[in-house]
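To start, the structure under review is shown below, and the notes come after it.
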Amino acid sequence: MKTYNITNFGAIGDGKTDNAKAIQQAIDTCTENGGGQVLIPAGTFMTGPFDLKSNVEFHVSAGATVLANPDEMVYTQSAFKENKGEGSIWMGGKDAVNVTISGQGTIDGNGPAFMGPEEKAAYILKEFDTFDRRPHLFTPINFRNLIIRDVTFNDSAYWNLHLVGCNDVTIHGVKILNNLKIRNSDGIDPDHCKNVRISDCYIESGDDCICPKTRREYEEYGPTENITVTNCILKSTSCSIKLGSENMDAIRNVVISNCIIRSSNRAIGIQNRDEGVVENIIFENIIIEGRLFDNVWWGKAEPIYVTAYKRQPGNARDANWRFAKGQTSGQVGEVKNILFSNILAQSENGVYVGGEPGKISNIRFRNVDIKIDKTTSYQGGLYDLRPSDTVGILQAETTGFYFDEAKAISLNDCKVRWGKNLQPYFGPALFASRINGLEISGFNGESAFPEQKKSFTITDCENIYTDHSIKKGE
């Protein structure tokens, strides 16, 4: 493999010189000559935007840092086409094949440089007129056979790896260390992608760590499907693993296994707010540690969260891009065929499943162990349904499992436990309302205050099958 060292094209690793021209020239020369390795040697190479191209291995050596230029005016390409309100592109490229990012070095998005003042819970976002120039770190569009391995990504100012319409993607052994106070700093977002394998990664993100979705701006690339995530350790100020909320097309055939989720405001979330369906999803062998945090972040410490609510209309800067062209409101698709298996969770809240009538079905919990305890000073007794066109924050008793409006839910060999720091808003082990087809077997758990409240509260449910002695209204 022929190597193209960027210093031979004039790059200077002093952390001050913008090397975009030299880096792009090295990439262009490499691909024009049939491919090879573009080498980033030791040093700090500050750079503005550039594009990766076919048959190029972008290799960041140990001791090397590729650093985003802090001058926001060099970022001129919107991350979402005509929608300029949600960031720009730093590292990009389109319609490429056989691209690799590798090495033991660091790619640094320089995130705090694009933020306003730092507050206790998050950085303040800078004001802008029409174009939010905060750069997404890497936005490959319609890549085929993309490999990202071993590199460390730091401090993205917006989404870190935003994969758009990509097919055949391997992400292995990667570290993503985003600032936990930077909003929108997602880790990996497969958007209209197919056949994506994510393994053995460590991710810390202010926003979602891993978030399959189908954004409206890129609808031509079809559904997101055939995604596997395994052997990852995740930490998020918001939601560690989230499907949605932007999904105008299907998200299907996803398996997430053998992961550890640490200190997250929400651990696993299916957040359907648009017309696309979410189906055929498996979560298995996962350890969860959750906690409440500031209201600026979505989530109320729900270890597992499955919802299908129509998106909230509004006058936010991006509202017109959330609905179909010419529309000011939308619909919500179904969430169905979801399995949670072998999950051990400790958090300040319990599982939440809820949606509009007829939208959620066949949700199965097998060997799910939930422990609820109060560990922070933030307000509890809440479930976060944002961005919903009905309730934003739902105030309700904290229960082990909270089910509202669904068809065919099963709990097999599940357990609810309560910690030492019991709160007045802690309630039953199970709350179920408007469920048609509720199966409970091998359940172990009681209410937080068994001398005052029964273990189960079940109202307006039909077709209940259980090995417990349950009566309607209990």
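The values are calculated or read from the model by the stated rules, or taken from the named source; none is laboratory data. Since the structure is predicted, the reported quantities are computational estimates derived from the model, not experimental observations. Methodologically, a virtual Cβ is constructed for each residue, glycine included, from the backbone with ideal geometry; neighbour enumeration extends over all protein chains shown. Just the protein is used for accessible areas: all its heavy atoms, side chains included, with ligands, DNA and RNA removed. Shrake-Rupley method; radii C 1.70, N 1.55, O 1.52, S 1.80 Å.
Where does each of 277, 60, 391 land when they are ordered by accessible area, with a 1.4 Å probe and the largest first?
On the way: 277 30, 60 0, 391 55 Å².
The ranking, largest first, comes out as 391, 277, 60.
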Gain in length, residue 328 to residue 200, computed as 0.36 nm per residue apart minus the alpha-carbon separation, to one decimal in nm? 41.9 nm
Rounded to the nearest 10 Å², what accessible area does residue 310 show when all protein chains are kept and the probe is 1.4 Å? 60 Å²
With no solvent and one point on each alpha carbon, what is the Debye value of log10 I(q)/I(0) for region 178-257 at q = 0.19, 0.24, 0.26 Å⁻¹? -0.76, -1.09, -1.19
Starting from the Cα of residue 374, draw a straight line to each of the lysines and keep only those under 25 Å, dropping any in the same chain fewer than 8 residues away. 120, 181, 235, 242, 300, 415, 420, 453, 454
Just to check I understand the Karplus step: with θ = phi - 60° and J = 6.51 cos²θ - 1.76 cosθ + 1.60, what whole-Hz values come out for region 158-171, glycine and proline as x? 9, 4, 7, 10, 9, 8, 10, x, 8, 9, 6, 10, 10, 10
Roughly how many Å² of residue 415 are accessible to a 1.4 Å probe, to the nearest 10? 70 Å²
Low-density loop trypsin sites (Lys or Arg not before Pro), region 48-106, at most 15 other Cβ within 10 Å, DSSP non-H/G/I/E/B, are 81
As a Kirkwood estimate from alpha-carbon pairs, region 159-199 has a hydrodynamic radius in angstrom of 11.0 Å
In order over region 64-74: 3J(HN,Hα) from phi, Karplus 6.51/-1.76/1.60, θ = phi - 60°, whole Hz, x for each Gly or Pro, gives 9, 10, 9, 10, 5, 4, x, 7, 5, 6, 7
For the chain, give the percent of accessible area contributed by carbon and sulfur heavy atoms, probe 1.4 Å, rounded to a whole number. 45 percent
With every protein chain present, what is the per residue accessible area of the chain (1.4 Å probe, Å²)? 37 Å²
Protein chains only, probe 1.4 Å: how do 365, 9 rank by accessible area, largest first? 9, 365
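Could you work out how much longer the chain between residue 339 and residue 396 gets when fully extended? Use 0.36 nm per residue separation minus the Cα distance between them, nm to one decimal.
Numbers: separation 57, 0.36 × 57 = 20.52 nm, distance 2.51 nm.
Fully extending the segment from residue 339 to residue 396 adds 18.0 nm.
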Stretched out fully, how many nm does the piece from residue 413 to residue 296 gain, at 0.36 nm a residue minus the Cα gap? 38.6 nm
DSSP beta bridges in the chain [antiparallel fraction, %, rounded to 5]: 5 percent
How tilted is helix 20-32 with respect to the longest principal axis of the chain? Cα atoms for both, answer in degrees (0 to 90, nearest 10). 90 degrees
Within region 7-111, how many lysine pairs that are 8 or more places apart, or on different chains, have C-alpha atoms less than 23 Å apart? 6
Check which residues have an amide H placed less than 5 Å from residue 312's amide H, if you skip close sequence neighbours. 388, 389
Relative contact order, percent, of region 113-191 when contacts are C-alpha pairs under 8 Å separated by at least 6 residues? 31 percent
Cross-link partners of residue 325 among aspartates and glutamates (Cα-Cα below 13 Å; sequence separation of 8 or more within a chain): 82, 217, 219
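Please list 348, 119 from largest to smallest accessible area, probe radius 1.4 Å, with all protein chains kept in place.
119, 348
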Give the calculated FRET efficiency between residue 124 and residue 463 to the nearest 0.05, with a Förster radius of 56 Å applied to their Cβ-Cβ distance. 0.65
If ligands, DNA and RNA are left out, what is the accessible area of residue 394 with a 1.4 Å probe, given in Å² to the nearest 10? 40 Å²
Residue by residue through region 249-264, what is 3J(HN,Hα) from phi via Karplus (6.51 cos²θ - 1.76 cosθ + 1.60, θ = phi - 60°)? Round to whole Hz and write x for glycine and proline. 10, 5, 10, 8, 6, 10, 10, 10, 9, 6, 10, 10, 10, 10, 6, 10
